[in-house]
Amino acid sequence: MLDSPAILGYVADAVNSASVPADSFQMRLSTVTYAVILVSVLLWCAGIILAPLCVAEGGDAAVVGRAAYQMYHGICHQVPERSFNLLGHPLGVCVRCCSIYFAFLAGTLLFPFLPAFLRRTASPRILLAAALLPMVVDATWIGSALYHTTTLTRVLTGGLFGLLMSLALLPEALQAVRELCSTPHQQKGLSDA
Amino acid sequence: MPNKPGIVLPALYGGIIMGVISAVPGLSLLNCFCCAGIMLGGFLAVFFYKKDLTPGMPLLTSSDGVKLGALAGVFGGIVSVILSKLVTMMLGGADEQMVKDLLESMGLADQLPPGTMEQIEEGMGAGLGLFQIVITFIIDPLFGLIGGLIGYSVFKPKQVLPTAPPPPPPVQGPAQQ
């Protein structure tokens, strides 16, 4: 599927410097990078769901589940009351983190199919600000002072953050790998673009 | 053209900030906000690097952001593991009490959902096992890299659009009679 010319063209074109002609090596590199990012995000999100499933299964699987919970513990408070439940156990991360990661996955999946003008014109600075502001308001005392924060507000603000982050960061990540893998001569061309 | 500045020092500064945030009790709660502390380290590494760039040097590139963020994550992991061990040795269980007192003095302890305080105590009392050290060295460079990319997105030089070339001078033809 990744060798399909349509996907190759989309992903290579998605690298923000559309003015630089992408040769077949660069197109393939962009596709492989995109695939690696997609699989990594997919595995990360799968771990969030697998943690409660493994613990509910019991036996040896429970050990894997507990390891997954411990892995996500460093990046999330994992408060059960603030988490979605699966088979009576909370997911690996809280509602807000879940929304962020699954929206990031959705953004990564959608990225090659976005209209080209959207990918080229969207400024990462504006995207980041638009992503961060609602979540900061919702997660801090500002949100509590203005309205009652609920699971829905956490899902919406976290989801928006994850989605916009993927759209802001994916072109930069693809561009970075192209720069890292190019020769100094090609690098100059890429950075000039 | 002068060479680019080294990436080790800015990454080290970012890593130290990352490690301190991750290891100091209370401050480490910032990482519950989608690894904000770790991403901040990567972001700041790009900021420090950008400050070292002088006019005439090659521009900041996205690969610089990735390298700085990931390297800051490696330094941050080392600093946080060492500092966490030191904090555990020095404070014992006092850090849990400190966070509880802090939350109570701010009046937040009653507002937290039931089970939250127990979760915090459990998390802080768990110590730093080998598994957590391994996870630290995966998570920190990964989220540091994302922080570095965010830093690049914020600090990247604005693209100068090529201006249209001036129109060619009119061709002098033979004078009409």
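The values are calculated or read from the model by the stated rules, or taken from the named source; none is laboratory data. Quick caveat, the model's predicted, so the values are computed rather than measured. With ideal geometry, Cβ positions are generated from the backbone for all residues, glycine too; neighbour counts draw on all protein chains shown.
Counting just the residues of region A:82-98 that are part of a helix (DSSP H, G or I) and modelled with pLDDT of 90 or more, which one comes out nearest to the other protein chains (Cβ to nearest Cβ)? Among them, the one singled out is A:C97. When B:M57, B:M39 are checked against the criterion of being outside any helix (DSSP H, G or I) and hydrophobic (A, V, I, L, M, F, W, C), B:M57 stands alone in meeting it. All conditions in (1) touching a residue at least 12 places away in the same chain (Cβ under 8 Å); (2) assigned to a helix (DSSP H, G or I); (3) within 24 Å of B:V87 (Cα to Cα) hold for B:P25, with the sole exception of (2).
Within region B:2-18, does at least one residue satisfy the condition of being surrounded by fewer than 24 Cβ atoms within 10 Å (Cβ to Cβ), modelled with pLDDT of 90 or more and more than 13 Å from the chain's Cα centre (by Cα)? Yes, that holds for at least one residue.
Taking the listed residues B:A45, B:A70, the one that is within 11 Å of chain A (Cβ to nearest Cβ), touching a residue at least 40 places away in the same chain (Cβ under 8 Å) and not charged (D, E, K, R) is B:A70, with no other qualifying. So is B:F33 touching a residue at least 60 places away in the same chain (Cβ under 8 Å), of a type in the set (A, V, I, L, M, F, W, C), closer than 26 Å to A:Y101 by Cβ and in contact with a helix residue (DSSP H, G or I) (Cβ under 8 Å, 6 or more places away or on another chain) or not? No. A single entry from A:V79, A:V11 fulfils the requirement of being at pLDDT below 90, crowded, with 18+ Cβ neighbours inside 10 Å, more than 19 Å from A:G107 (Cα to Cα) and of a type in the set (A, V, I, L, M, F, W, C): A:V79.
Being out of contact with any His (no Cβ under 7 Å at 6 or more places or on another chain), farther than 21 Å from A:L164 by Cα and outside any loop (DSSP other than H, G, I, E, B) is the requirement here; does A:A62 meet it? Spelling it out, A:A62 is indeed out of contact with any His (no Cβ under 7 Å at 6 or more places or on another chain), farther than 21 Å from A:L164 by Cα and outside any loop (DSSP other than H, G, I, E, B).
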